[in-house]
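The values are calculated or read from the model by the stated rules, or taken from the named source; none is laboratory data. Predicted model, so just to flag it, every value in this text is computed and none were measured. Note that we place each Cβ from the backbone using ideal geometry, even for glycine, and neighbour counts take in every protein chain shown. Each accessible area value is taken on the protein alone, full model and side chains, heavy atoms only, with ligands, DNA and RNA left out. Shrake-Rupley method; radii C 1.70, N 1.55, O 1.52, S 1.80 Å.
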Amino acid sequence: QVQLVESGGGLVQAGGSLRLSCAASGRSSSSYAMGWFRQAPGKEREFVASISTSRVTRYYADAVKGRFTISRDNAKNTVYLQMHSLKPEDTAVYYCAAAATAALIRTNTLDAWGQGTLVTVSS
């Protein structure tokens, strides 16, 4: 079982940037595709981005394309979400997720997820 711990959330003004990190640990943690979801107040959790173990395949939600970049450092078992041009509607709890493939993460078929980190974007 893989364990995921997010960090990097906080308060940022609209138009600003923030980088989230997610450290994976546990058995075979390096063999998982990784990704991010978010859940805004009163809304369902939604897919944000995912990346394969090889870093070749990446998926993004339409709402974040061109503004967010997902990456991973396999030596550190860490996945990142670099967020630019943040908008108030990006305010949410961001969750790290793991699954066998990046495509499975996109379909919300997950093996594990973290506790979440709050991102608040002020207008």
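Other residues lying with their Cβ under 15 Å from the Cβ of LEU20 contribute a combined charge of +2, Lys and Arg counting +1, Asp and Glu -1.
Can you compute the label reach from THR109? Point 7 Å from Cα along the Cβ direction, backbone N cut-off under 16 Å, restricted to the range 22-46. Within reach of a label on THR109: 32-35. Name all residues of the range 77-98 having a backbone nitrogen under 16 Å from the label point set 7 Å from the Cα of THR53 along its Cα→Cβ direction, giving them as ranges. Residues 77-79, 98 qualify, since their backbone N sits under 16 Å from the label point. In the context of the full set of protein chains, the chain has a per residue accessible area of 51 Å² (1.4 Å probe). Once Rh is set to the Kirkwood radius over Cα pairs, what Stokes-Einstein translational diffusion coefficient, in µm²/s, holds for the range 29-121 at a temperature of 10 °C and a viscosity of 1.306 mPa s? The Stokes-Einstein estimate is 121 µm²/s. Rounded to the nearest 20, the size of the Cβ-charge dipole of the chain about its Cα centre is 240 debye, with Lys and Arg at +1 and Asp and Glu at -1. When you restrict to C-alpha pairs under 8 Å that are six or more residues apart and normalise by the size of the range 1-59, the relative contact order lands at 26 percent. Ligands, DNA and RNA left out, the accessible area of the chain computed with a 1.4 Å probe is 47% carbon and sulfur.
Applying 0.36 nm per residue to the separation of ALA63 and ARG19 and subtracting their alpha-carbon distance, the gain on full extension is 14.1 nm.
Across the chain, the relative contact order, built from alpha-carbon pairs under 8 Å that are at least six residues apart, equals 36 percent.
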